[in-house]
Structure formats: structure tokens, C-alpha cells
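All remarks here apply to the structure that follows.
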């Protein structure tokens with residue numbers, strides 16, 4: 001199976017209301033904002049982009065319960081947002097909320 | 001630093017001529033095609049998308065030397081292809097060509 005794994009830290013900047021598939025599976029989707037410094041051939045570069053994310057099942061209920069603006073690190077895979085389209089969306093299969101780290105920093 | 005790590009298997013479907021920055025750094029960029037089956041809430045789903053990749057330095061010379069259509073697994077980070085844009089591109093910081101596996105399979 002071809003590799004397709006991503007780990008991305010982002011702020012939750014938009015989120016649709018939690019919905020359910022006909023089979024009763026929770027679905028949460030929305031937008032995220034990633035900012036970081038990344039290293040490329042020994043130089044650091046600023047990376048800053050907004051993207052679309054989607055989560056299903058337990059991960060969807062976790063995403064739905066987060067306060068807007070929460071910083072999380074998600075893991076998952078990328079897929080086309082629309083069939084044949086070039087815009088990618090991150091399918092979250094695990095997520096960690098950085099709540100504790102933020103509290104320690106305050 | 002925010003996490004932004006991706007590991008993606010893809011076929012090299014297009015590639016520009018190798019170019020150099022004013023500082024003499026090699027740059028290779030082109031397009032890739034990813035296809036795989038991914039697992040989401042216990043179900044497998046087919047993932048199929050085309051995307052833009054860019055590589056610098058030694059990774060650029062590796063990408064430039066590959067035959068067109070080569071299957072590789074790349075590691076790197078995503079960034080916006082254009083400032084403020086929603087189309088992402090994969091910045092390859094390491095790449096592995098699946099040449100040996102293909103030869104064994106033949």
C-alpha cells in the first residue's frame with residue numbers, strides 16, 4: 001500500500017456543525033491554519049497555509065468538542081477534496097489537543 | 001515548532017528541467033500522482049490525487065535523475081504553492097526510489 005501519512009499542527013479556524021452519515025457515523029469538517037518554521041537544505045523557511053480537514057467517528061466528536069481556535073496536532077492522510085481536483089484535504093485519524101501545554105505556558 | 005511531516009508514495013508524472021538558484025542551489029519541481037487504499041474508521045477508501053512537488057539540493061538532483069513515471073516514496077513538508085493560496089505542494093527533503101522492489105517483482 002502506498003504511504004500517505006501526515007502529522008500536522010494547526011489551529012482550528014472554522015468548523016461545520018457535527019453531522020451523521022446514513023449509517024450513523026459522526027462527521028466533522030472544517031478549516032485549519034498551519035504556521036511553522038521548516039528546514040530545507042540547511043535553511044529555515046516560514047510555512048503558512050490554510051487547509052480543509054475532515055474527521056469521522058470518535059475523532060469527529062473530539063474535533064467537534066474543541067473550542068474554536070484550539071491548537072491541535074493531527075495525524076492522518078491527504079486526499080483530494082473533490083474527485084479529480086487539486087485541492088487536498090487532511091483526513092484526521094488521530095488528534096491531540098495542546099491544552100495542557102498551553103496551560104503550562106500561561 | 002509546529003509539526004509538518006508527510007510521507008507519501010507517488011509516481012513522478014511531470015518534471016521541469018533542473019534549474020539553479022542565484023546561490024547555485026539545484027531546484028527540481030514537477031507533478032506526482034498518488035494512489036492508495038487508506039483506512040478510516042475501520043473502512044478502506046481509495047485515495048487518488050495529483051499534486052505538485054519541489055526539491056532542492058541533493059534531493060533535486062536525485063529527482064532529476066529518475067526516469068519519468070518512477071515510483072518513489074518521499075518525505076517532507078507541505079507548504080502553500082503560492083502565498084495565501086489553497087493549493088499545497090510537497091517540499092521533498094528525502095526520497096527513496098522503488099527501483100529494486102520493481103525489479104524483484106518482474
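Computed from the coordinates by the stated procedures, all read-outs in this text should not be read as laboratory data. Note that this is a predicted model, so its numbers are computed, not measured. Positions of Cβ are generated from backbone atoms using ideal geometry, with glycine treated the same way; all protein chains shown enter the neighbour counts.
What full-extension length gain, to one decimal in nm, is calculated for residue B:17 and residue B:43 as 0.36 nm per residue of separation minus the Cα-Cα distance? Present the calculation step by step, with values, prior to reporting the outcome.
Numbers: separation 26, 0.36 × 26 = 9.36 nm, distance 4.08 nm.
So the chain would gain 5.3 nm between residue B:17 and residue B:43.
Between residue A:82 and residue B:5, how many nm apart are label points set 7 Å from Cα along the C-beta direction?
In this crude spin-label approximation the distance works out to 3.4 nm.
Would you look at the GNM of chain B, springs on alpha carbons closer than 10 Å, and say which of B:14, B:55, B:65 moves the most?
The residue that fluctuates most here is B:65.
Between A:45, A:86, A:15, where does the largest GNM mean-square fluctuation fall for chain A, given springs only between Cα atoms within less than 10 Å?
So, out of A:45, A:86, A:15, the one fluctuating most is A:45.
Grab the DSSP H runs of chain A that are 4 residues or longer, score each as -39,500 (n - 2.57), total them, divide by all residues and round the 222 nm result to the nearest 500 deg cm²/dmol.
Values: 2 runs with 15 residues, N = 106.
One gets -3500 deg cm²/dmol as the mean residue ellipticity at 222 nm.
From the square roots a ≥ b ≥ c of the eigenvalues of the alpha-carbon gyration tensor of segment A:1-43, which class results: rounded (a/c under 1.5), prolate (a/b over b/c), or oblate? Provide the component values of the computation, followed by the final result.
Numbers: a/c = 6.45, a/b = 1.80, b/c = 3.59.
Since a/c reaches 1.5 but b/c is at least a/b, the shape of segment A:1-43 is classed as oblate.
If the label for residue A:85 sits 7 angstrom from Cα along the Cα-to-Cβ line, what are its distances to the same label in every other copy, in nm to one decimal, shortest first?
Sorted ascending, the copy-to-copy spacings read 1.6 nm.
How many percent of DSSP beta bridges within segment B:6-105 run antiparallel, rounded to 5? Mind showing how you got there, number by number?
Details: 35 of 39 bridges.
Around 90 percent of the beta bridges assigned by DSSP in segment B:6-105 are antiparallel ones.
Label-to-label distances across copies for residue B:43, with labels 7 Å out along Cα→Cβ, in nm, shortest first?
Here residue B:43 shows inter-copy label distances of 4.5 nm.
Residue of A with Cβ nearest the axis relating A to B, plus distance in whole Å?
Minimum Cβ distance to the axis, with residue: A:6, 2.
By its C-alpha gyration tensor, with a ≥ b ≥ c as the square roots of the eigenvalues, how is the protein assembly as shown shaped: rounded for a/c under 1.5, else prolate for a/b larger than b/c, else oblate? Each step should come with its number before you reach the end.
Working: a/c = 2.23, a/b = 1.42, b/c = 1.57.
Verdict is oblate for the protein assembly as shown.
Is the shape of chain B best called rounded, prolate or oblate, per the rule: a/c under 1.5 gives rounded, else a/b larger than b/c gives prolate, else oblate, with a ≥ b ≥ c the square roots of the Cα gyration tensor eigenvalues?
Values: a/c = 1.98, a/b = 1.19, b/c = 1.66.
It comes out oblate by the Cα gyration axes.
Cα centroid distance between segment B:28-75 and segment A:1-55, in Å?
So the two Cα centres are separated by 19 Å.
Can you list, shortest first in nanometers, how far residue B:13 lies from the same residue in the other copies, with each label 7 Å from Cα toward Cβ?
Distances between equivalent label points, in nm: 2.8.
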